[in-house]
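The values are calculated or read from the model by the stated rules, or taken from the named source; none is laboratory data. Predicted model, so just to flag it, every value in this text is computed and none were measured. A quick note on method: Cβ atoms are made from the backbone with ideal geometry, for glycine too, and the neighbour counts reach across all protein chains shown.
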Amino acid sequence: MSAFIEQLPKVELHLHIEGSLEPELVFALARRNGITLDYANEAALKAAYEFDDLQSFLNIYYAGMSVLQTEQDFFDMTHAYLQRAHSEHVRHTEIFFDPQAHTGRGVPFSVVVTGIHRALEQARYDWGMSSRLIMSFLRDLPEASAIDTLRQAEPFHGWLTGVGLDSAETGNPPDKFRRVYAMARDQGYRLVAHAGEEGPPQYIRDALELLRVERIDHGVAAIKDPALMAELAENRIPLTVCPLSNLKLKVVNTMAEHPMGELLQAGLCVTVNSDDPAYFGGYMNANYRALQQGLGMSNSELLQLALNSVEASWLSPEEKALLNREVHEHGEKFGVYAPLG
């Protein structure tokens with residue numbers, strides 16, 4: 001069963017690149033940039049990764065970004081994630097980045113996006129790994145800041161595929177960002193948004209109806225609303241679920257309580273992702289293993305989750321067909337077939 005997960009061709013659709021910044025790299029970048037951290041060493045920093053909720057995580061998450069100063073820093077961070085993802089058989093990844101968290105401390109937008117883009121191109125050249133880049137707006141900041149960020153992105157439009165919405169969900173409903181999402185849609189961006197992680201099911205509805213997103217990031221609160229679940233299943237609206245993140249941030253108390261199995265059985269297009277893996281204890285393989293061990297998911301169900309990720313991706317139909325074939329062939333090698341076909 002371990003070999004099945006490890007060798008399974010994967011797609012990751014919910015990854016915050018700043019959340020892949022491992023303690024060892026944090027300290028290496030701090031030394032390179034002459035920054036003194038509040039932690040004595042990597043172990044002390046790692047020990048601080050105990051969170052009560054989303055906000056307690058965000059506090060240390062933003063503090064860790066202070067070491068990112070130069071284009072090379074952003075390249076090194078992104079390349080480290082891509083190397084890890086490649087080793088775990090991730091074939092395609094759609095990555096979030098938070099420009100406001102950097103421009104707000106004086107790092108130019110161009111420095112951030114150029115470093116990340118260069119690493120994505122390197123991974124394509126070295127390993128054939130495809131990718132898409134999603135610019136996220138911080139929902140705890142005013143919409144005017146998001147609009148300004150959208151304007152700063154204009155020279156780099158060709159490098160960006162979509163926009164997203166992340167950070168503190170409670171008290172920051174999707175309705176707050178209707179104008180900037182309309183602007184992004186008019187500029188040709190694809191639209192996603194975090195909703196229904198700590199927020200209520202209504203935030204999922206609002207993201208779909210008011211922001212007109214095509215994919216929901218997290219979305220586990222849908223389990224509380226059967227009518228919403230039915231709509232999501234009927235319309236094949238993908239949910240980019242992050243199991244270990246949900247456990248670490250106490251959205252669920254144990255993995256056995258996670259709704260992924262119920263959502264999958266109800267026919268929703270749920271997918272597996274790592275969110276902020278440096279902080280939450282695992283990349284893609286660890287998240288698949290958590291579902292297998294915590295929920296008793298079968299290899300057939302895990303195969304279906306991998307196929308859902310291909311379906312939910314922004315790959316072309318031709319690219320999806322090739323990757324679907326690879327996933328199915330992997331299943332056949334282990335005598336495993338997806339329950340939904």
Scan the range 36-45 and give yes if some residue there is among the polar types (S, T, N, Q) and touching a residue at least 40 places away in the same chain (Cβ under 8 Å), otherwise no. no
Residues within the range 53-73 that are closer than 20 Å to S167 by Cα and part of a helix (DSSP H, G or I), tallied: 14
Among residues of the range 92-142, those that are within 15 Å of the chain's Cα centre (by Cα) and basic (K, R), counted: 1
Output the number of the condition that E198 fails; it satisfies all remaining conditions of (1) among the charged types (D, E, K, R); (2) under 23 Å from I17 (Cβ atoms); (3) in contact with a strand residue (DSSP E or B) (Cβ under 7 Å, 6 or more places away or on another chain). (3)
Which residues, taken from the range 40-51, are closer than 18 Å to G282 by Cα and either assigned to a helix (DSSP H, G or I) or out of contact with any helix residue (DSSP H, G or I) (no Cβ under 8 Å at 6 or more places or on another chain) (or both)? E42, A43, L45, K46, A47, E50
Please state which one of V213, V252 is of a type in the set (V, I, T), closer than 29 Å to E50 by Cα and assigned to a loop (DSSP other than H, G, I, E, B). V252
In the range 277-302, which residues are of a type outside the set (F, W, Y) and touching a Phe, Trp or Tyr at 6+ places or on another chain (Cβ under 7 Å)? P277, N299, S300, L302
T271 vs (1) closer than 23 Å to D206 by Cβ; (2) surrounded by fewer than 24 Cβ atoms within 10 Å (Cβ to Cβ): all pass except (2)
Return only the number of the condition from (1) under 30 Å from L54 (Cβ atoms); (2) in contact with a Gly (Cβ under 6 Å, 6 or more places away or on another chain) that L303 does not satisfy. (1)
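Go through the range 7-29 and give me each residue that's without any contact (Cβ under 8 Å) to a residue 60 or more places away in the chain and closer than 20 Å to V112 by Cα. Working first, answer last.
Step one: list which residues in the range 7-29 are without any contact (Cβ under 8 Å) to a residue 60 or more places away in the chain, which gives 24-29.
Once the filter is applied, which keeps residues that are without any contact (Cβ under 8 Å) to a residue 60 or more places away in the chain and closer than 20 Å to V112 by Cα, the range 7-29 yields L25, V26, F27, A28, L29.
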Single condition A80 does not satisfy, out of (1) among the small types (G, A, S); (2) modelled with pLDDT of 95 or more; (3) within 21 Å of K248 (Cα to Cα): (3)
Which residue out of D140, D166 is farther than 30 Å from E121 by Cβ and out of contact with any helix residue (DSSP H, G or I) (no Cβ under 8 Å at 6 or more places or on another chain)? D140
Do we find a residue being surrounded by fewer than 24 Cβ atoms within 10 Å (Cβ to Cβ), without any contact (Cβ under 8 Å) to a residue 60 or more places away in the chain and in contact with a strand residue (DSSP E or B) (Cβ under 7 Å, 6 or more places away or on another chain) anywhere in the range 234-249? yes
Take E94 and decide whether it is among the charged types (D, E, K, R), more than 18 Å from M183 (Cβ to Cβ) and in contact with a Lys or Arg (Cβ under 6 Å, 6 or more places away or on another chain). yes
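Is it the case that some residue within the range 316-335 is within 18 Å of H218 (Cβ to Cβ), surrounded by fewer than 21 Cβ atoms within 10 Å (Cβ to Cβ) and either over 15 Å from the mean Cα position of the chain (by Cα) or not small (G, A, S) (or both)? First the steps, then the outcome.
Quick first cut of the range 316-335, residues within 18 Å of H218 (Cβ to Cβ) only: none.
No: the range 316-335 contains no residue that is within 18 Å of H218 (Cβ to Cβ), surrounded by fewer than 21 Cβ atoms within 10 Å (Cβ to Cβ) and either over 15 Å from the mean Cα position of the chain (by Cα) or not small (G, A, S) (or both).
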Which of the residues that make up the range 260-299 are within 15 Å of H89 (Cα to Cα) and in a helix (DSSP H, G or I)? M284, N285, A286, N287, Y288, R289
Considering residues that are within 19 Å of the chain's Cα centre (by Cα), more than 16 Å from Y279 (Cα to Cα) and crowded, with 20+ Cβ neighbours inside 10 Å, the number found within the range 28-84 is 2
